[in-house]
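*Asks:* Quick one: the structure is below, questions incoming.
The values are calculated or read from the model by the stated rules, or taken from the named source; none is laboratory data. Note that the structure is a prediction, hence the values are computed from the model and not measured. Heads up, the Cβs are rebuilt from the backbone with ideal geometry, glycines too, and the neighbour counts pull from every protein chain shown. With ligands, DNA and RNA removed, areas are computed over all heavy atoms of the protein, side chains included. Shrake-Rupley method; radii C 1.70, N 1.55, O 1.52, S 1.80 Å.
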Amino acid sequence: MSGAFLNETPVASPLDNPAALTKSPYMAAAAEALQNYIRNTARTWYKEGVDPNDDVRKYAFQRLRETWFTPEVDPKFKLRREDKFYAIGSCFARGLESSLAGHKMAVESAASEFAKLQPANKEESGLGFTNKYNTYSILNELRWALDPDAEFPRGSIVPLTNTTWYDPHTNPSLSFVGLEETLERRALLQAVTKRIKKCRAVILTLGLAEVWHDVQVDVFLNCTPIASLFKKYPGRYQFHLTSFAQNWANLEAIHALLSSYGHPDFHVVVTVSPVPLMNTFSTMDIVVANTWAKSLLRAVAQEWASAHPNVDYFPSYEIVQNSDRAAVWEDDLRHVRGRGAQHIMELFLRKYIE
């Protein structure tokens, strides 16, 4: 069975209908557009003659002077404190997971069983093992856990040495171990992922648009293969800059999968991780490559949310990007400080939780 999965189950995709790429995600008659304008208190960026430091903060150029940017958020739906939550996606999802658990909410993705998995770097969380960085790896993990006809591509797990093996569908934050223990970790991850079936609230965080493909097994991977594998298996791994249409198709397949196997009243809050690329394998400057990737994922997240009443976009990416840099970022300018994550979650809880 192919590990890529995109050709196994037909899903609505711009690839099937090129005209969909030019269709507006939202259209309104003039009367409705004018009503939007009247009701939207955050509609205007700037007005001449207005004091930029006015406490009312009616205009964007005033609000953007604050340490912590707080966008206006109008949720499509509400979640309940008694709902079970499942967070899946890049490392930013782990921060959201921790905050929800700290507010005494049931977070199925933060399974207690993961506590026995000790990371190689003691400064990291064992939950980093569960990170899913791209839409292919999110879709793969959900299919392997939920779809009874989806078979995990065992051949994609490869030996590093005579005694250690590597699962390219996880984050290599744990020490490398033998094949039996590697497969046990894989079984645990899939067992926990199955718990998404019980979760009315799903938080999906998009991270990367640069993806690696295992040509031999025909499966897209979660992250860049270990460097030694490029020498050990020359020609096996192929680098992809993914397109809007590819990521859209993956998200549509995820929605179809949750519709078939998930909670009967599931709701998805999709976000884009503000954490930048660490490296790029393209020819672009890393800053340019990161801007391209985040812009693509941000656009596809909005389109996907517009297509489904039970999917909503939450602007965590915009909150970080438009807050004071010195306050929001650690010294590496990659990781968000704890106060920044707290500000994001306070807004999320205030707006989405009944």
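*Asks:* Arg195 to Ile226: extension gain in nm, 0.36 nm per residue of separation minus the Cα-Cα distance? Could you put the intermediate results ahead of the total?
*Replies:* Values: separation 31, 0.36 × 31 = 11.16 nm, distance 2.96 nm.
Computed gain between Arg195 and Ile226 is 8.2 nm.
*Asks:* Set Lys and Arg Cβ to +1 and Asp and Glu Cβ to -1, take the dipole of the chain about its Cα centre, and tell me which of Val288, Gly95, Leu188 lies farthest positive.
*Replies:* Result: Gly95, furthest along the dipole toward the positive end.
*Asks:* May I ask you to list the aspartates and glutamates whose Cα is less than 20 Å away from that of Lys232, ignoring any residue fewer than eight positions away on the same chain?
*Replies:* List returned: Asp167, Asp214, Asp218.
*Asks:* If you fit an axis through the alpha-carbon atoms of helix 135-146 and take the longest principal axis of the Cα set of the chain, what angle between them do you get, 0 to 90°, nearest 10?
*Replies:* Result, in degrees: 60.
*Asks:* Ok, one more. So if the hydrodynamic radius of segment 289-353 is defined as the Kirkwood radius over C-alpha pairs, what does Stokes-Einstein give as its diffusion coefficient at 37 °C and 0.692 mPa s, in µm² per second? Please report the intermediate quantities before stating the final value.
*Replies:* Values: Rh = 13.2 Å.
Result for D is 248 µm²/s.
*Asks:* Moving to a separate point now. If you place +1 on the Cβ of every Lys and Arg, -1 on the Cβ of every Asp and Glu, and leave all else neutral, what size is the dipole of the chain about its Cα centre, to the nearest 20 Debye?
*Replies:* Working: 38 positive and 40 negative charges, 93 e Å.
Approximately 440 debye in magnitude.
*Asks:* For a quick size check, give me the Cα extents of segment 145-295 along its three principal axes, largest first, whole Å.
*Replies:* The Cα atoms of segment 145-295 stretch 47, 41, 25 Å along their principal axes.
*Asks:* Could you work out the per residue convex hull volume over the alpha carbons of segment 222-354, in cubic angstrom? It would help to have the intermediate numbers written out before the result.
*Replies:* Working: hull volume 21.1 nm³, N = 133.
So the per-residue hull volume is 159 Å³.
*Asks:* A further question follows. Return one number: the angle in degrees, 0 to 90 and rounded to the nearest 10, between the long axis of the Cα atoms of helix 179-193 and the longest principal axis of the Cα atoms of the chain.
*Replies:* 30 degrees
*Asks:* Would you mind listing how long segment 45-85 runs along its three principal axes, going by Cα atoms, in whole Å with the largest first?
*Replies:* Taking max minus min along each principal axis of the Cα atoms, segment 45-85 gives 48, 20, 13 Å.
*Asks:* Roughly how many Å² is the accessible area per residue of segment 208-350, as a whole number, for a 1.4 Å probe?
*Replies:* On the way: 6070 Å² over 143 residues.
Computed with neighbouring chains in place, this is 42 Å² per residue.
*Asks:* Once you keep just the Cα pairs under 8 angstrom separated by 6 or more residues, what percentage relative contact order results for the chain?
*Replies:* Details: 553 pairs, mean separation 81.3, N = 354.
Averaging sequence separation for qualifying contacts and normalising by length gives 23 percent for the chain.
*Asks:* Just subtract the alpha-carbon distance of Lys351 and Asp265 from 0.36 nm times their residue separation and send over the number in nm, one decimal.
*Replies:* Details: separation 86, 0.36 × 86 = 30.96 nm, distance 1.92 nm.
Net length gain for the segment: 29.0 nm.
*Asks:* Restricting attention to segment 118-192, which trypsin sites (Lys or Arg not before Pro) occupy a DSSP loop and are surrounded by at most 16 other Cβ atoms within 10 Å?
*Replies:* Working: sites: Lys122, Lys132, Arg143, Arg154, Arg185, Arg186; in loops: Lys122, Lys132.
Those satisfying the criteria are Lys122.
*Asks:* Using the Kirkwood formula over every pair of different C-alpha atoms, what hydrodynamic radius in Å results for the chain? Spell out each step's value before the answer.
*Replies:* Numbers: mean 1/r = 0.0463 Å⁻¹.
Kirkwood radius, the chain: 21.6 Å.
*Asks:* If you fit an axis through the alpha-carbon atoms of helix 91-102 and take the longest principal axis of the Cα set of the chain, what angle between them do you get, 0 to 90°, nearest 10?
*Replies:* With both axes taken from Cα atoms, the answer is about 70 degrees.
*Asks:* Separate question: Of Ser260, Pro274, Tyr237, which is farthest along the charge dipole of segment 204-301 in the positive direction, counting Lys and Arg as +1 and Asp and Glu as -1 at C-beta?
*Replies:* Positive-most Cα among the choices belongs to Tyr237.
*Asks:* So which GluC sites (Glu not before Pro) in segment 143-243 pass both tests, a DSSP loop state and at most 12 other Cβ atoms within 10 Å of the Cβ? Walk me through the intermediate numbers first.
*Replies:* On the way: sites: Glu151, Glu180, Glu181, Glu184, Glu210; in loops: Glu151.
Passing sites in segment 143-243 are Glu151.
*Asks:* Still on this structure: Do any of Lys132/Lys294; Lys84/Lys198; Lys116/Lys197; Lys84/Lys104; Lys132/Lys194; Lys84/Lys294 go past 18 Å between their Cα atoms, and which?
*Replies:* Values: Lys132/Lys294 16 Å; Lys84/Lys198 7 Å; Lys116/Lys197 24 Å; Lys84/Lys104 11 Å; Lys132/Lys194 15 Å; Lys84/Lys294 29 Å.
The answer is Lys116/Lys197; Lys84/Lys294.
*Asks:* Moving to a separate point now. Would you mind telling me the antiparallel percentage of the DSSP bridges in the chain, rounded to 5? Don't jump to the answer; show the numbers that get you there.
*Replies:* On the way: 12 of 29 bridges.
Expressed as a percentage, antiparallel bridges in the chain total about 40.
*Asks:* Run the numbers on segment 36-122 and let me know its relative contact order in percent, using alpha-carbon pairs under 8 Å that are six or more apart.
*Replies:* Working: 56 pairs, mean separation 15.6, N = 87.
The normalised contact order for segment 36-122 reaches 18 percent.
*Asks:* Could you please state, rounded to a whole Å, how far the C-alpha centre of segment 232-285 is from the C-alpha centre of segment 210-229?
*Replies:* Taking the Cα centre of segment 210-229 as reference, the centre of segment 232-285 is 14 Å away.
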